[in-house]
Amino acid sequence: MSYAHRTSHLKPEGAYQVLAKAQALEAAGREIIHLEIGQPDFETFANISLAGIRAITEGKTRYTPPIGMKPLREAIADYTGHRLGLDIHPDQVVVSPGAKPNLFFPALALIEPGDEVIYPDPGFPTYEAMIRVAGGVPVKVPLLEGNNFSFDLEAFHRLVNDRTRLIILNSPSNPTGGVMPLIDLKEIAAAAQQHDCWVMSDEIYTRTVYDHASVPSIASLPGMIERTIIVDGFSKTYAMTGWRLGYGVMPKELAQVVQLLLTHSVGCTAQFVQVAGIEALTGPQDQVEVVVAEYQRRRDVIVSGLNAIPGITCQNPQGAFYVFPNIKSFGISSNVMADMLLERAGVAVLPGSSFGEYGEGYLRLVYSNSIENIQRAIRQIEAVLKAL
Ligand code: PLP
């Protein structure tokens, strides 16, 4: 059986593959510490869940406009405008089931076959998938470990040109936790203007930042909101991964095209989920801060624990809930290392190579897990690596 060429490059996400292997070991009686799946270990905050439940009991279980309910789009426009210091109109907001459709559909709306698209490597695997499905040419820019995993700007300047249609950024980053500094964003913005390209700024981890770091957005730079799609959502900040609620902020003409793609694919986002989203954005925010403070404690434990293992060096990420330790000194591939840690140490982690070519030599560990489990994982990893 043959399938359409546009699907031929699609691969499963590494996280689900490692999860399946880990679950097979668990089924055979092994105890596994899960540091592979990138989602909060907290429950959705109670006020949000209750708002969703109430909405169901009130019959808010119908179709909504494909672009999203007006009150939610107003809340998102207010919140994003306030966050970025910009005037955002609700017509610029597109609501979607999870953030992913607001990556995929703007990409489909913008990329013509043969257009070049710049994206970070290591990076979130959906970027390359959507570029290829749209028929674009993926152009990877390496991230530099020594520069907080921001873009290798020399490589970027070599690669950007008049055929570049779209530049994808993700700060704070999955898988590295790195935050791109303003000075780098300014250079990228200037190149985007010079070559007349769009920018997609995936800001889904923008609230998960440490040490009072500020996360600048390229959209706030002069002349950039007109050519930027900001992608954000509720999954990470409000522990709502399974609710499926995200959004994009973009010029309103593009929003209309994306709305058409939503109309003919998902239809709309569940109405009661959107009501819960209004509560998330407009209700109390103190729990977000509590959770981020807890992640920061865990980050400190995992970073110092990894750095204490001979042969591993680990940057101190400023955002998200990932660490991306360098394991190059062991001279084995990240795939072999991840398998070994799963089988011998009972710790599920992802090989850096599942985030692209330049992720080789690294592992990704998620620290949305208890400090006790993180400490145990470090001890078990250390025991296996010391015996090599
Ligand atoms: N962007 C990044 C960088 C992510 O890490 C994720 C989820 O892991 C998403 C987007 C997708 O988020 P959602 O689950 O809301 O679709």
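Any read-out appearing in this document is the output of simple, stated calculations on the displayed coordinates, not a laboratory observation. No experiment lies behind these values; they were computed from the predicted model shown. Glycine gets a Cβ as well: all are built from the backbone with ideal geometry, and neighbour counts include every protein chain shown.
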| For the chain, built as a Gaussian network whose Cα springs stay under 10 Å, the top-fluctuating residue of GLY59, GLY223, GLY346 | GLY59
| request: List every residue whose amide H lies under 5 Å from the amide H of SER150, counting only residues 5 or more places away in sequence or on a different chain, with H placed 1.01 Å from N in the peptide plane. | output: LEU144
| message | Checking the a/c ratio against 1.5 first, then a/b against b/c, what shape does the Cα gyration tensor give for segment 16-83? | response | prolate
| task | Taking the Cβ of each residue in ARG344, ARG299, ARG364 as the centre, tally the other Cβ atoms inside 10 Å and list the residues starting with the fewest. | result | ARG344, ARG299, ARG364
| query | Of LYS70, LYS11, LYS252, which is the most mobile in a GNM of the chain whose springs link Cα atoms less than 10 angstrom apart? | reply | LYS11
| query | Amide H neighbours of ILE33 under 5 Å, counting only residues 5+ apart in sequence or on other chains, H built in-plane at 1.01 Å? | reply | VAL347, ALA348
| message | With the cut-off at 1.5 for a/c, could you classify segment 1-115 from its C-alpha gyration tensor as rounded, prolate or oblate? | response | oblate
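Taking every DSSP beta bridge with both residues inside the chain, roughly what % is antiparallel (nearest 5)? List each step's numbers first, then the result.
Numbers: 17 of 37 bridges.
For the chain, the DSSP antiparallel bridge percentage is about 45.
What percentage of all Cα-Cα pairs in segment 61-210 are separated by more than 27 Å? Each step should come with its number before you reach the end.
Working: 2830 of 11175 pairs.
For segment 61-210, the fraction of Cα-Cα distances above 27 Å is 25 percent.
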| query | If amide H atoms are built 1.01 Å from N in the plane of the peptide, which residues on other chains or at least 5 residues away come under 5 Å of the amide H of ARG364? | reply | LEU350, GLY352
| note | Residue by residue through segment 223-230, the couplings from Karplus 6.51 cos²θ - 1.76 cosθ + 1.60 with θ = phi - 60°, in Hz, x for Gly and Pro, are x, 9, 4, 5, 10, 10, 10, 8
| said: For TYR367, TYR16, which order do you get if you count the other beta carbons within 10 Å of each Cβ and list the fewest first? | reply: TYR16, TYR367
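May I ask for the Rg/Rh ratio of the chain, computed from Cα atoms with Rh as the Kirkwood radius, given to two decimals?
Numbers: Rg = 20.6 Å, Rh = 21.5 Å.
Using only Cα positions, Rg/Rh for the chain is 0.96.
Which shape class applies to segment 162-202: rounded if a/c is under 1.5, otherwise prolate when a/b exceeds b/c and oblate if not, where a ≥ b ≥ c are the square roots of the Cα gyration tensor eigenvalues? Numbers along the way, then the final one.
Numbers: a/c = 3.42, a/b = 1.70, b/c = 2.02.
Since a/c reaches 1.5 but b/c is at least a/b, the shape of segment 162-202 is classed as oblate.
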| Over the chain, what relative contact order in percent results from Cα pairs under 8 Å that are six or more residues apart? | 23 percent
